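**Student:** Input: one structure, supplied below.
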Amino acid sequence: MSDRDRIARLKIELDDWQPAIWRRVEVPLATTLKGLHDVVQAVMPFQDYHLFEFRADDRRYAIPNPEWDFEKTLSAKTTRLATLVQRGVRELAYTYDFGDDWRHTLAIESLDEADPAVEYPRFIEGQHRAPPEDVGGLPGFELFLEAIADPGHEDHDHLVRWSGGMFDPTTLDVTEIQKRIAKLARRRTIGKAAFAKSRNRIT
């Protein structure tokens, strides 16, 4: 069975925060780490404004930049999840936005055969709303939630406007997440069709 026919079920959890902010997803093993980054962005959701990195098996994976990389960096665009699984990796550390420093743990819960009737990646479930972009990391998020919850707080009205409306940390906009993950699934389907078409031309 090829990696395209196998999936990994992962739990994505924001580190050092309670109540836990987490998501459960299924992705093909053939997914690159850049593709896995796109999945995290879609399901938390974040807006993909900032840089990211993965760390696993004592290696760093990101988009290499010789001007800024101060340690050896392997390409997230060419490294596939299957490669790490074959090395025995079952957990990845993922950081998004080196300013706010959103650190996540991605745990591989199971490896399974893909369902031909399902489009992947797939969002399964999750709990609690992710922090808004550029809120100032965990300390800023804590202060933000305090101000949002208190109409008498001096920053309440400003932060409500800044965040685009009232922010309920207990809710999860599943409709928006499903819409975003569906875009990734369609992109993958189009890519598979183009690959198959090119192979047919060659043969």
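Only the coordinates and a few stated rules stand behind these numbers; no lab work does. Just so it is clear, the structure is predicted and the values come from calculations on it, not from any experiment. We place every Cβ from the backbone using ideal geometry, glycine too, and count neighbours over all the protein chains shown.
**Student:** Multiply the residue separation of I124 and D173 by 0.36 nm, subtract the distance between their alpha-carbon atoms, and state the gained length in nm to one decimal. Spell out each step's value before the answer.
**Tutor:** Numbers: separation 49, 0.36 × 49 = 17.64 nm, distance 1.31 nm.
Computed gain between I124 and D173 is 16.3 nm.
**Student:** Using only Cα atoms, find the angle between the long axis of helix 137-149 and the longest principal axis of the chain, and express it within 0 to 90 degrees, rounded to the nearest 10.
**Tutor:** For helix 137-149, the angle is close to 50 degrees.
**Student:** Going by average Cβ neighbours within 10 Å, how do the peptides 39-46, 140-147 rank, with the highest at the top?
**Tutor:** 39-46, 140-147
**Student:** Something else now. Once you charge only the Cβ atoms, +1 for Lys and Arg and -1 for Asp and Glu, what is the size of the charge dipole of the chain about its Cα centre, to the nearest 20 debye?
**Tutor:** That gives a dipole near 1820 debye.
**Student:** How would you classify the range 1-131 from its alpha-carbon gyration tensor, with a ≥ b ≥ c the square roots of the eigenvalues: rounded for a/c under 1.5, else prolate if a/b is greater than b/c, otherwise oblate?
**Tutor:** Values: a/c = 1.79, a/b = 1.15, b/c = 1.56.
Taking the square roots of the gyration eigenvalues as a ≥ b ≥ c, the range 1-131 is oblate.
**Student:** Tell me which aspartates and glutamates have Cα within less than 16 Å of K72's Cα, excluding those fewer than 8 residues away on the same chain?
**Tutor:** E53, D57, D58
**Student:** Follow-up. Pop a pseudo-label 7 angstrom from the Cα along the beta-carbon direction at both R60 and F98 and give the gap in nm to one decimal.
**Tutor:** 0.7
**Student:** Ok, one more. Specify the angular offset, from 0 to 90 degrees and rounded to the nearest 10, of the alpha carbon long axis of helix 33-43 from the longest principal axis of the alpha carbons in the chain.
**Tutor:** With both axes taken from Cα atoms, the answer is about 40 degrees.
**Student:** What FRET efficiency do you get for E67 and K183 if R0 is 25 Å and r is their Cβ-Cβ distance, rounded to the nearest 0.05? Display every interim value, and only then the final one.
**Tutor:** Values: r = 31 Å, r/R0 = 1.26.
Using R0 = 25 Å, I get an efficiency of 0.20.
**Student:** Select from the range 35-76 those GluC sites (Glu not before Pro) which occupy a DSSP coil region and have at most 16 other Cβ atoms within 10 Å, ordered by residue number.
**Tutor:** Within the range 35-76, the qualifying GluC sites (Glu not before Pro) (loop, at most 16 other Cβ atoms within 10 Å) are E67, E71.
**Student:** Related question: Could you tell me how many degrees, from 0 to 90 and to the nearest 10, lie between the Cα long axis of helix 174-202 and the main elongation axis, the longest principal axis, of the Cα atoms of the chain?
**Tutor:** The two axes meet at around 20 degrees.
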